[in-house]
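Peer 1: I'd like to ask some things about the structure below.
Readers should treat all values here as calculations from the given coordinates under stated rules, not as data from a laboratory. Being a predicted model, the structure only gives us computed values, none of them experimental. Neighbour counts run over all protein chains shown; Cβ positions are idealised from the backbone, glycine included.
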Amino acid sequence: MKTIPYGRQSISKKDIRGVAEILEGDWITQGPAVARFEEQFAKAVDSRWAVSVSSGTAALHLACLAQGLKPSDEVLVPAMTFVATANSVFYAGARPRLVDIDPETGNISLEDLVKKINRNTRGIIPVHFAGSPVLMDAIRKIAAGKNLFVIEDCCHALGARYQNQPLGSCQFSDLAVFSFHPVKHITTGEGGMITGRDPKYRDLLLRLRNHGITRDSRLFSNGESAGSWYYEQQELGFNYRLTDFQCALGLSQLKRLKQFVARRREIAQYYRKAFSDWPWLTCLDENPRGMSSYHLFVIRLNLDKLRVDRKVIFEALRKRRIGVQVHYIPLYYQPFYRKNLRVKPDDFPGAGCFYESCLSLPIYPDLSLTEQKRVIRILSQLLTRYQNIR
Ligand SMILES: *Cc1c(COP(=O)(O)O)cnc(C)c1O
């Protein structure tokens, strides 16, 4: 029997046809599908504009770069996230400052966030962990009071809503970033997107993803063009372009987003119902003012009800071909962060206890009911075997 992974892409015949059409045409990189994908994406998340880039990491990098950070500047990031969230602050020449998380939701702790603000703090990068929205009005209030920028890391959260607004609409933030890695809600192989409302950011991001170059004569330093061949490099940018055939895949996937999210939510509700009377684990709290798009389904083992630690359960599930995963190892475990930031694990009790007990179960649109029942059955067998009978 094949391993059931924790996440995977869903590629339809129609998706493949969409890509093939582009490959048979004249443009392979940066053709008309790029602008169409950006337009449709902006529409899907209700933002003014969207700029595509080559990965979610590139999106984070450029979003941070657009803030013009100085080496002494600090940006607040959750202590438990994928490394790329915090790495992007280093890329932009500043320093991330780690904030503890709330173990009930996996999201950044507002209490610790306020404590970590000092005179060097310039911004906040909240992560909507597992697709579950952060309390964005609270974040905005804190940011506005201290004149901080807010970049939402929406890499888990395409299709999620907060106060009935789609995440990425930037009602409560300056910019939002997305990833199209295969385990995320829609995929382009590798790929990413930045959304926002302020047009100034859009022009800058379009340049930054293309070496810092613009061909728009309205943006030229002397206000005019020497000829139609002319371009200006205005700052140091990168080649972070997303290709036309990747955008064709993105366009086709975007049409399926509503179904994808509905299916993920259905799977999540099925798990929640199955686990409702289990003493051995706890599901993450759902934000009552939000709607999760369930990039992940994370449980926390109630270790006081078990005779073994998470590792034993994890390895036993893997042995039975259930592809569980751990999201995430806190950043202060990483040698790079231990070397470059002064962090003490004791400062992050929320992230610490979350990391000890968390486990991500399979969730993706093509997961069948039979497969999901197998996951639940095997998990139940293991937890019964290892339960702590006092
Ligand atoms: C996936 C992910 C990223 C990075 O996206 P890539 O497209 O893989 O570069 C950043 N932040 C979070 C929270 C992610 O899950």
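Peer 1: For the pairs LYS200/LYS258; LYS14/LYS184; LYS146/LYS344, note any where the Cα-Cα span goes beyond 28 Å. Before the final figure, lay out the partial values.
Peer 2: Values: LYS200/LYS258 30 Å; LYS14/LYS184 19 Å; LYS146/LYS344 26 Å.
Violating the 28 Å limit, Cα to Cα: LYS200/LYS258.
Peer 1: Run the numbers for ASN239 and SER221: contour at 0.36 nm per residue of separation, minus the present Cα-Cα distance, in nm. All intermediate terms of the calculation are to be shown ahead of the outcome.
Peer 2: Details: separation 18, 0.36 × 18 = 6.48 nm, distance 2.21 nm.
That pair, ASN239 and SER221, stretches by 4.3 nm at full extension.
Peer 1: Can you compute the modelled spin-label distance between LYS258 and ARG8, with each label point 7 Å from Cα toward Cβ, in nm?
Peer 2: 2.8
Peer 1: Highest GNM mean-square fluctuation, the chain, Cα pairs closer than 10 Å: which of SER380, SER217, SER173?
Peer 2: Result: SER217 has the largest fluctuation of those listed.
Peer 1: Identify which of ARG119, ARG17, ARG207 has the largest mean-square fluctuation in a Gaussian network model of the chain, with springs joining Cα atoms closer than 10 Å.
Peer 2: Its mean-square fluctuation being the largest, the pick is ARG119.
Peer 1: Quick one: helix 310-319 against the long Cα principal axis of the chain, what's the angle to the nearest 10°, folded into 0 to 90?
Peer 2: So the helix axis and the longest Cα principal axis differ by about 80 degrees.
Peer 1: Translational diffusion coefficient of the range 7-94 at 10 °C, 1.306 mPa s, Stokes-Einstein with Kirkwood Rh over Cα pairs, in µm²/s as a whole number.
Peer 2: On the way: Rh = 15.9 Å.
Stokes-Einstein gives a translational diffusion coefficient of 100 µm²/s.
Peer 1: Counting other C-beta atoms within 10 Å, and keeping those with at most 13, which DSSP coil trypsin sites (Lys or Arg not before Pro) do you find in the range 285-320? Before the final figure, lay out each step's value.
Peer 2: Values: sites: ARG289, ARG300, LYS305, ARG307, ARG310, LYS311, ARG318, LYS319, ARG320; in loops: ARG289, ARG307, ARG320.
For trypsin sites (Lys or Arg not before Pro) across the range 285-320 that sit outside H, G, I, E and B with at most 13 neighbouring Cβ atoms in 10 Å, the list reads ARG289, ARG307.
Peer 1: Modelled label-to-label distance, CYS353 and ILE389, 7 Å Cα→beta-carbon offset: nm?
Peer 2: Label-label distance for CYS353 and ILE389, simple model: 2.8 nm.
Peer 1: I would also like to ask the following. Which of the three applies to the range 148-213, rounded, prolate or oblate, going by the alpha-carbon gyration tensor with a ≥ b ≥ c and a/c under 1.5 meaning rounded? Don't skip to the answer; put the middle values down first.
Peer 2: Numbers: a/c = 2.57, a/b = 1.12, b/c = 2.29.
In terms of gyration-tensor shape, oblate.
Peer 1: Can you list the GluC sites (Glu not before Pro) in the range 44-122 that are in a DSSP coil and have 15 or fewer other beta carbons within 10 angstrom? Display every interim value, and only then the final one.
Peer 2: Values: sites: GLU74, GLU104, GLU111; in loops: GLU104.
Those that pass, being in a loop and sparsely packed, are GLU104.
Peer 1: If you build a Gaussian network model of the chain, linking Cα atoms that sit under 10 Å apart, which residue out of SER252, SER47, SER276 swings the most?
Peer 2: SER276
Peer 1: Working out 0.36 nm times the residue gap between GLU104 and LYS70, then minus their Cα-Cα distance, what length gain in nm do you get to one decimal?
Peer 2: On the way: separation 34, 0.36 × 34 = 12.24 nm, distance 3.45 nm.
Length difference between fully extended and current span is 8.8 nm.
Peer 1: Here's something else I'd like to know. Indicate the gyration tensor shape class of the range 58-180 (rounded, prolate or oblate), computed on the Cα atoms with a ≥ b ≥ c the square roots of the eigenvalues: a/c under 1.5 is rounded; otherwise a/b larger than b/c is prolate and the rest oblate. The partial results should precede the final answer.
Peer 2: Working: a/c = 1.43, a/b = 1.23, b/c = 1.16.
It comes out rounded by the Cα gyration axes.
Peer 1: Angle, helix 13-23 long axis vs. longest principal axis of the chain, Cα atoms, 0 to 90°, nearest 10?
Peer 2: With rounding to tens, the tilt is 30 degrees.
Peer 1: So, one more: Determine ³J(HN,Hα), in whole Hz, for all residues of the range 150-163 in sequence, where each value follows from phi through the Karplus function 6.51 cos²θ - 1.76 cosθ + 1.60 and θ = phi - 60°; x replaces Gly and Pro.
Peer 2: With coefficients 6.51, -1.76 and 1.60, one gets 10, 10, 7, 7, 9, 4, 9, 10, 5, x, 7, 10, 10, 6 Hz.
Peer 1: Would you please state which residues of the range 362-388 a label at SER276 would reach in this model, taking the label point 7 Å out along Cα→Cβ and a backbone N cut-off of under 18 Å?
Peer 2: The answer is 373, 376-377, whose backbone nitrogens lie closer than 18 Å to the label point.
Peer 1: Given N residues in the range 131-186, what is its alpha carbon radius of gyration divided by 2.2 N^0.38 Å? Before the final figure, lay out the partial values.
Peer 2: Values: Rg = 11.6 Å, N = 56, 2.2 N^0.38 = 10.2 Å.
Ratio of Rg to 2.2 N^0.38 Å for the range 131-186: 1.14.
Peer 1: For the chain, what does the convex hull of the Cα positions come to per residue, in cubic angstrom?
Peer 2: Working: hull volume 56.3 nm³, N = 390.
So the per-residue hull volume is 144 Å³.
Peer 1: What residues from the range 337-367 fall in the zone where the backbone N is under 18 Å from a label point 7 Å along the Cα-to-C-beta line of ASP304?
Peer 2: 349-358
Peer 1: Right, next: Between Rg and the Kirkwood Rh of the range 289-390, both from Cα atoms, what is the Rg to Rh ratio?
Peer 2: Details: Rg = 16.0 Å, Rh = 15.6 Å.
On the Cα set of the range 289-390, Rg over Rh gives 1.03.
Peer 1: Grab the Cα-Cα distance for ALA20 and GLU111, subtract it from 0.36 nm times how many residues apart they are, and report the gain in nm with one decimal.
Peer 2: Numbers: separation 91, 0.36 × 91 = 32.76 nm, distance 5.02 nm.
Working it through step by step, the gained length comes to 27.7 nm.
Peer 1: Would you calculate, for the chain, the mean residue ellipticity at 222 nm contributed by helices, counting each DSSP H stretch of 4 or more residues as -39,500 (n - 2.57) and dividing by all residues, to the nearest 500? The partial results should precede the final answer.
Peer 2: On the way: 13 runs with 144 residues, N = 390.
After summing the helix terms and dividing by the residues of the chain, the value is -11000 deg cm²/dmol.
Peer 1: In addition: Using the reciprocal of the averaged 1/r over all distinct C-alpha pairs, how large is the Kirkwood radius of the range 4-55 in Å? Display every interim value, and only then the final one.
Peer 2: Values: mean 1/r = 0.0762 Å⁻¹.
For the range 4-55, inverting the mean 1/r across all distinct Cα pairs yields 13.1 Å.
Peer 1: Using DSSP, restrict attention to beta bridges with both residues in the chain and report what percent are antiparallel, rounded to the nearest 5.
Peer 2: Working: 28 of 43 bridges.
In the chain, approximately 65 percent of DSSP beta bridges are antiparallel ones.
Peer 1: Hey, another quick one. Lysines near LYS311 by alpha-carbon distance under 22 Å, same-chain residues fewer than 8 away left out - which ones?
Peer 2: LYS2, LYS319
Peer 1: Give the shape of the range 111-220 as rounded, prolate or oblate, defined through the alpha-carbon gyration tensor: a ≥ b ≥ c are the square roots of its eigenvalues, a/c under 1.5 means rounded, and otherwise the shape is prolate if a/b is larger than b/c and oblate if not.
Peer 2: Details: a/c = 2.03, a/b = 1.21, b/c = 1.68.
Oblate is the answer for the range 111-220, as a/c is 1.5 or above yet b/c matches or exceeds a/b.
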